[in-house]
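The structure appears below as structure tokens.
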């Protein structure tokens, strides 16, 4: 009996008839439907009582089922709430689904079990109107408080042209301004302490330290942070809604803009899920090209983080040096892809084109050039006494706290935990590469910096192996869902002509099913959960980004520090606002 069967038997014994259904999914993740009345004890059991328990709430999201062709033995539902948990001991996910009926249903909150469920439940409420009974502060999180409707419901317009002309009346402007006024009592914050009056300070939404439109309201006792409230959503662009209106193919450029420093790595996370649904096998050359470009983008992203982190803490020179080296990577990306920050170059089943002539010389130059530059930057920044003073012992969290809040990537490895999805659940051929997983021990701002610097060296090792061992062969799968028949054959028989025409005009029709990918993105675990009902567009795409749970933890890890320390903590998280808001 494997681990999934053992878990299923344990849950059956515990729940009896309350375990409604086991769903078979393309990604083969154990997927169970339970009754809404039993969701809290089920989640509690999986987290604390089951052997090799599921300590991390990896994701929580909703699905509007009302338009879906899906009721082939599954529980009837108007809406579904999906809980994705992860066990590090088992190296396995489990997916729990709850079917809800009614126009605006409700379900019990699990915030008493997982602290990071807070923002996830607020997002489901905001997007679908599903209420979570017992949630400490169930309010909108991505949309303005005055927004009418819930955007991921199927009846909500997907485009501004479907909503009529926008008019900003004086009354509307006053209402919007009033909704932005921070009211401490709504968040349980007091204006007066036992021996001091607290001050409330806005950081953002236009502040250089927030690296984008992010608002943090600090409750201060002098310069010490007593508590804070983080407001996100200023950068929300409806990436998940857009997926329902684009074909499987034309949605690829939208993924570029999520973690806009990660480039093609966003494409990979999405395409792995689509390729699972379609049953597409990748050629070795295509996988290796993808890996090489992803690791170049990891270095480019880390250079942006490194330079701006040093700038946040008072060093101005590093950001210019590191952005110059980032341009050298972009020169390679541009030569191969034609684009730089948003190359939009990966395709379903492979990449858009084969590598151009001369690519080896470009990559070889960077592989030789960059190692001494990393040593120079370490000496310039990491070994700088002021940098150490601003980062050592600041923003500390333990491994248990990191898992509780859903931290992945360098933030998790800085707590001494050697966990990297490229090693633990290899994808795109990463198991063929020789590289190490950098770790540190203290879980503070300094250690998070150490891990990322060493990650650049390891990424360079992978790029070098791609350069020296690039396989021959095709750059794209010959699967009919990804590659139309050759044009020269379309005039010979009508079936080939029809297939070519439909593939080019409509795009592929992905078989019905559900599948999730999980990759080690630049900032942590990035997943796309794609649902197809056998159409030319996705029925639902859920994007799980690392920055969302990381930012949720900010309030927890900044208490007791100063305003100056907050900038150190923000910089060490390495977030992107579009990655938070989507």
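Tabulated values for the structure
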item: Residue within the stretch 380-395 that is surrounded by 18 or more Cβ atoms within 10 Å (Cβ to Cβ), under 30 Å from residue 110 (Cβ atoms) and touching a helix residue (DSSP H, G or I) at 6+ places or on another chain (Cβ under 8 Å) present; result: yes
item: So residue 258, is it touching a strand residue (DSSP E or B) at 6+ places or on another chain (Cβ under 9 Å), buried (at least 18 other Cβ atoms within 10 Å of the Cβ) and not in a helix (DSSP H, G or I); result: yes
item: Evaluation of residue 77 against (1) in a loop (DSSP other than H, G, I, E, B); (2) touching a residue at least 60 places away in the same chain (Cβ under 8 Å); (3) closer than 26 Å to residue 10 by Cβ (one fails), failing number; result: (2)
item: Residue among 281, 275, 334 that is assigned by TED's automatic domain parsing to the domain that holds residue 429, within 20 Å of residue 255 (Cβ to Cβ) and either without any contact (Cβ under 8 Å) to a residue 40 or more places away in the chain or in a loop (DSSP other than H, G, I, E, B) (or both); result: 334
item: Residue, farthest from residue 523 (Cα to Cα), within the stretch 459-477, restricted to residues that are in contact with a helix residue (DSSP H, G or I) (Cβ under 8 Å, 6 or more places away or on another chain) and in a helix (DSSP H, G or I); result: 467
item: Test: residue in the stretch 368-375 that is farther than 30 Å from residue 564 by Cβ and touching a residue at least 60 places away in the same chain (Cβ under 8 Å); result: yes
item: Any strands (runs of 3 or more DSSP E) falling wholly within the stretch 91-183 and containing at least 3 residues that are under 22 Å from the mean Cα position of the chain (by Cα) and in contact (Cβ under 8 Å) with a residue 24 or more places away in the chain; result: 92-100
item: Of all residues making up the stretch 397-410, the number that are in a loop (DSSP other than H, G, I, E, B) and surrounded by fewer than 18 Cβ atoms within 10 Å (Cβ to Cβ); result: 1
item: Failed item, numbered, when residue 93 is tested on (1) surrounded by fewer than 21 Cβ atoms within 10 Å (Cβ to Cβ); (2) farther than 24 Å from residue 578 by Cβ; result: (1)
item: Residue list for the stretch 38-74, restricted to those being part of a loop (DSSP other than H, G, I, E, B), in contact with a helix residue (DSSP H, G or I) (Cβ under 8 Å, 6 or more places away or on another chain) and buried (at least 21 other Cβ atoms within 10 Å of the Cβ); result: 54
item: Among the residues listed as 365, 369, 377, the single one being assigned by TED's automatic domain parsing to the domain that holds residue 453, surrounded by 19 or more Cβ atoms within 10 Å (Cβ to Cβ) and either in a helix (DSSP H, G or I) or at positive phi (or both); result: 377
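Matching residues to (1) in contact with a helix residue (DSSP H, G or I) (Cβ under 6 Å, 6 or more places away or on another chain); (2) at positive phi:
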residue: 267; (1), (2): yes, no
residue: 281; (1), (2): no, no
residue: 303; (1), (2): yes, no
residue: 314; (1), (2): no, yes
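Each row is one residue, and each column tells you yes or no for (1) within 20 Å of residue 329 (Cβ to Cβ); (2) outside the structural domain of residue 367 (by TED's automatic domain parsing); (3) in contact (Cβ under 8 Å) with a residue 12 or more places away in the chain; (4) touching a helix residue (DSSP H, G or I) at 6+ places or on another chain (Cβ under 9 Å).
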| residue | (1), (2), (3), (4) |
| --- | --- |
| 429 | no, no, yes, yes |
| 442 | no, no, yes, no |
| 453 | yes, no, yes, yes |
| 457 | yes, no, yes, yes |
| 505 | no, no, no, no |
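The values are calculated or read from the model by the stated rules, or taken from the named source; none is laboratory data. Since we're looking at a predicted model, the values are computed, not measured. A quick note on method: Cβ atoms are made from the backbone with ideal geometry, for glycine too, and the neighbour counts reach across all protein chains shown.
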